[in-house]
Amino acid sequence: MTIDRIEHIKSLVRPVPDFPKPGILFRDITPMLAEPRAFNATLDIVAEEFAGQRIDAIVGIESRGFIFGASLASRMAVGFVPARKPGKLPVAVERVEYALEYGTDALEMHRDSLGAGRRVLVVDDVIATGGTAWAACELVRRLKAEPVAVACVIELTFLPGRGRVAPVPLFTVVQY
Ligand code: AMP
């Protein structure tokens, strides 16, 4: 049953107050990753959601998006493409900056990693304000591909992430 699977996953997401800074309630997925039934159920739920759609590639966002994105790509038999923090990728990159609470951050992708007509699923662990997922979608668009949806394990619904990635649809497994 889906409700049971979701409750099991949720029970293994550990809330950590004041990490990485005061006032932030960090949602720690490491207990869930360590429990194969819950980790597999998470991947199953996302794979089931997109089973009826053509997906050509998964873009995973550094670094926890790599864990889910690469596993999902293997399960869905599509390619995996990393969206990385600046300076990590070795050949020509496209770069998108996005606003943080204080200052800006950026993501980069290899310019040759996607291409016209590719239908892409963007994957991360948590969506909060949505700036990170928006930047990944924007990179996909700049590489002439199409962000079909964003899939995250956890959605913080009191923050504007869903609106930030719109009109790209957002699918999430558990919500707080
Ligand atoms: P945002 O760009 O605000 O949607 O933030 C999303 C990124 O920050 C994701 O890559 C998450 O891994 C991380 N993140 C933001 N808030 C949290 C949180 N409360 N717990 C865990 N990770 C978070």
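We did not get these values from a lab; they are worked out from the coordinates using the rules stated. Since we're looking at a predicted model, the values are computed, not measured. For neighbour counting, all protein chains shown are included, and Cβ atoms are generated from backbone atoms with ideal geometry for every residue, glycine included.
Things to note:
- Among 118-127, 12-21, the peptide with the highest mean count of other Cβ atoms within 10 Å heads the list, and the full ranking is 118-127, 12-21.
- Sorting 164, 141 from the fewest to the most surrounding beta carbons within 10 angstrom yields 141, 164.
- When only the Cβ of Lys, Arg, Asp and Glu is charged (+1, +1, -1, -1), the dipole of the chain relative to its Cα centre reaches about 320 debye.
- Separation in nanometres of the label points that stand 7 Å from Cα toward Cβ, at residue 44 and residue 141: 3.6
- Computed over the chain, the alpha-carbon pair-distance distribution with 10 angstrom bins reads 10, 39, 37, 13, 1, each value a whole percent.
- Within the range 49-176, antiparallel bridges make up roughly 25 percent of the DSSP beta bridges whose residues both belong there.
- Counting only residues at least eight positions apart within a chain, or on another chain, the aspartates and glutamates with an alpha carbon under 14 Å from that of residue 21 are 101.
- Each of residue 28 and residue 111 was given a label point 7 Å from its Cα along the Cα-to-Cβ line. The distance between the two points is 4.2 nm.
- Virtual spin-label span in nm between residue 159 and residue 16, 7 Å along Cα→Cβ: 1.5
- Normalised Debye scattering of the range 1-95 at q = 0.14, 0.21, 0.25 Å⁻¹ gives log10 I(q)/I(0) of -0.66, -1.11, -1.23, counting only Cα atoms as equal scatterers and leaving out solvent.
- Loop-resident chymotrypsin sites (Phe, Trp or Tyr not before Pro) (DSSP state other than H, G, I, E or B) in the range 47-124 with no more than 13 further Cβ atoms inside 10 Å of their Cβ: 102.
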